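Everything on this sheet refers to the single structure shown next.
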Amino acid sequence: MKAQTLSILLLALLITLVPITVSAATFTQNIDSPVRDNAYATGNLIQVNAPISGDLYAAGQTITINQPIGDDAVLAAQTVTINAPIGGDVRIAAQTLIINSDIHGEVIALARDVQVKGMLGKGGYLTGQNIIVNGPVNGNLKIEANTANVDGDIAGNLTATATSLTLKGTVSGNVDQGTDSFTNSATVNGQLLQHTRVAKAARNQNYAAKVSSILSFIIVTLLAAWLFPKAMTKRLKNLRKRPGSAFLGGLLVA
């Protein structure tokens, strides 16, 4: 998927969200005081400068998280930077995603450029053009990218589909790679497997479907959180017991 196409999809997402949410008194641009419940934010520049005990739902151009989030985070922006730990699951659509701190739940992210320096507590699914994973992964990791570099230790399995994959560190489980170029200096305790990459046209079509699915999930989640905050919080807590089902299950409208 071309970068400009991702930009258009993100812009469409923000256009969809902002006219509805900015009029709600519970939505803010910055969070500068501790929040004991869920927090909602929209705006060009969103900064979380105080702890949030519950979930964070945010859409804007730039989102920077400088203080801990107790539960889940659903984020849509051009640039997302996470500098503080998040206690639950994270769903992100962005152009640039930088994770500098630990995420204790599962991460599902779509971005052009992804860099992960913190821990992924329950694994993740990362889709983008350029993906770098330096931090440890306590679970399974799935990557779809043009260029992928993984040198953090992975406690589970690694599945990677990419044009180029560079692998270091230790993988406790299997490595299943479908690449044109694979550089491996990692210690792999499981099996080293290979799958066939589909043709470029099919990859683009599959990628477009995944983009639509992720964005649809974020749109539905943010709108539902705004309209039915209590019900949505309960729904997310139930889904946390089955990692991945929030993304792959019935909330998707694509």
So, in region 100-149, of the ones that are modelled with pLDDT under 95 and farther than 22 Å from ASP72 by Cβ, which residue ends up surrounded by the most Cβ atoms within 10 Å (Cβ to Cβ)?
ALA145
Can you confirm whether region 14-31 contains a residue that is modelled with pLDDT of 95 or more and hydroxyl-bearing (Ser, Thr, Tyr)?
no
Which one of these is of a type in the set (Val, Ile, Thr) and surrounded by fewer than 16 Cβ atoms within 10 Å (Cβ to Cβ): THR159, THR179, THR183, THR166?
THR183
Based on what the data block shows, is LEU248 at pLDDT below 95 and surrounded by fewer than 17 Cβ atoms within 10 Å (Cβ to Cβ)?
yes
ILE108: passes all of (1) out of contact with any Phe, Trp or Tyr (no Cβ under 7 Å at 6 or more places or on another chain); (2) closer than 21 Å to ILE69 by Cβ but (1)
So ASP180 fits all but one of (1) closer than 16 Å to VAL116 by Cα; (2) acidic (Asp, Glu); (3) at pLDDT below 95; what number is the exception?
(1)
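The values are calculated or read from the model by the stated rules, or taken from the named source; none is laboratory data. Bear in mind that the values here come from a model prediction, so they are computed numbers and not experimental data. No Cβ is skipped: glycine too gets one built from the backbone with ideal geometry, and neighbour counts run over all protein chains shown.
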